[in-house]
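What follows is calculated from the coordinates using simple rules that are stated; it is not laboratory data. Predicted model only: the values in this text are computed from it and were never measured. Positions of Cβ are generated from backbone atoms using ideal geometry, with glycine treated the same way; all protein chains shown enter the neighbour counts.
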Amino acid sequence: MARINFLTDVDFVVFDAVGTLIEPDPAACDVYHQAGQRHGSSLSMEQIASRFGNAFAAEEALDSVAKLHRRPTSELRERQRWQRIVESVFCDVDHADQSLFQELWDYFGQGKHWKLYDDVADVWSRLTQERYQLAIASNFDKRLLNVCEAKPPLSTCPHIFWSAEIGYPKPSSKFFATIQNRIETPAQRILMVGDSKLNDERGASNAGWKSVLIERHHPGSHAASVPSLHCLWE
């Protein structure tokens with residue numbers, strides 16, 4: 001099979017954040033479990049994981065207008081969204097959307113509770129040396145800035161975009177159009193790298209961008225995906 005250089009004719013490489021560049025450390029489910037216990041929850045790790053998945057999916061469905069379109073968002077809407085998720089997960093904690101939610105919200109806003117994937121520093125350095133322009137674009141809120149500031153080399157990134165500030169989340173076309181206008185680069189010369197087939201790959205392709213899907217935990221489940229950022233040159 002011929003090797004593919006995803007960077008051919010690309011000026012700007014735009015990375016998703018969670019699942020692409022960073023992940024919670026320890027894992028989010030562990031953090032939820034420990035926080036829940038401190039607030040009186042008796043849910044098991046497995047129950048929390050299941051309830052979280054269901055709550056997150058319910059919020060995604062609530063935000064969805066059509067396959068590639070989402071309702072407008074904001075800092076307040078994102079905060080309320082996560083309040084509902086936490087309340088839904090912890091059915092055995094009274095007023096989980098208050099103090100328990102606030103503890104988790106603050107926790108995940110600190111860079112020390114996230115880690116870079118092993119390939120990020122090397123790939124970021126190589127792309128910089130090869131004079132590609134770099135950006136981060138995530139369905140997140142303003143906490144993303146604090147996380148990136150604490151995680152070199154992401155702290156050097158001059159272009160960090162998050163859905164709550166843009167006003168629309170991925171995969172909405174307005175998310176990608178806003179970023180393209182701000183970086184002043186033709187769509188066909190932008191490469192989106194992310195771990196979501198819908199939000200990153202399809203959303204970017206619909207906007208006319210190039211895209212590559214990274215699958216770190218389930219490599220090979222999609223034929224066109226790559227298991228590592230090093231594969232951008234292959």
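Roughly how many nanometres apart are two label points built 7 Å out from the Cα toward the Cβ at Lys115 and Ser50?
Roughly 2.9 nm, to one decimal.
Stick to Cα atoms and the Kirkwood definition of Rh, then tell me Rg/Rh for the chain. Numbers along the way, then the final one.
Working: Rg = 18.0 Å, Rh = 18.5 Å.
Radius of gyration over Kirkwood radius for the chain works out to 0.97.
If you average the sequence gap of Cα pairs under 8 Å that are 6 or more apart and divide by the length of the stretch 28-111, what percent do you get for the contact order? Can you show the working numbers first?
Numbers: 62 pairs, mean separation 29.4, N = 84.
Across the stretch 28-111, relative contact order equals 35 percent.
Under the Karplus relation 6.51 cos²θ - 1.76 cosθ + 1.60, θ = phi - 60°, what is the ordered set of whole-Hz ³J(HN,Hα) values for the stretch 124-138, x standing for Gly and Pro?
4, 5, 5, 4, 5, 5, 7, 6, 7, 8, 10, 8, 10, 9, 9
Ranked highest first by the average count of other Cβ atoms within 10 Å around their residues, in what order do 15-21, 185-191 fall?
On the way: 15-21: 22.6, 185-191: 16.3.
By packing density, highest mean first, the sequence is 15-21, 185-191.
Could you work out the percent of alpha carbon pairs in the stretch 28-111 separated by over 23 Å, rounded to a whole number?
Details: 775 of 3486 pairs.
When every Cα pair of the stretch 28-111 is considered, 22 percent fall beyond 23 Å.
I'd like the FRET efficiency for Gln34 and Arg79, computed as 1/(1 + (r/R0)^6) with the beta carbon distance as r and R0 of 22 Å, rounded to 0.05. Walk me through the numbers before you get to the answer.
Details: r = 22 Å, r/R0 = 0.99.
The pair Gln34/Arg79 has a calculated efficiency of 0.50.
What does a probe at Asp92 reach in the stretch 33-63, counting residues whose amide N is under 19 Å from the point 7 Å along Cα→Cβ?
33-55
Could you give the length gained by full extension between Ser64 and Asn5, i.e. 0.36 nm per residue of separation minus their alpha carbon distance, to one decimal place?
Values: separation 59, 0.36 × 59 = 21.24 nm, distance 3.37 nm.
Here the segment from Ser64 to Asn5 would lengthen by 17.9 nm.
Extending each Cα 7 Å along its Cβ direction at Glu103 and Thr128, get the distance between those two points in nm, one decimal.
Distance between label points: 3.7 nm.
Provide the packing ranking of 115-122, 202-209, 27-34, 80-87, i.e. peptides ordered by the mean count of other C-beta atoms within 10 Å per residue, highest first. Intermediate results must be reported in sequence, preceding the final value.
On the way: 115-122: 14.8, 202-209: 20.2, 27-34: 16.9, 80-87: 18.4.
Ranking, from highest mean packing down: 202-209, 80-87, 27-34, 115-122.
For the chain, what is the mean residue ellipticity at 222 nm derived from helices alone (per DSSP H run of n ≥ 4: -39500 (n - 2.57); sum divided by total residues; nearest 500 deg cm²/dmol)?
Computed mean residue ellipticity for the chain: -11500 deg cm²/dmol.
Counting DSSP beta bridges in the chain, what percent are antiparallel, to the nearest 5?
Numbers: 5 of 22 bridges.
Within the chain, antiparallel bridges account for around 25 percent of the total.
Between Ser228 and His159, 0.36 nm times their residue separation minus their Cα-Cα distance comes to what? List each step's numbers first, then the result.
Values: separation 69, 0.36 × 69 = 24.84 nm, distance 2.24 nm.
Full extension of this stretch gives 22.6 nm more.
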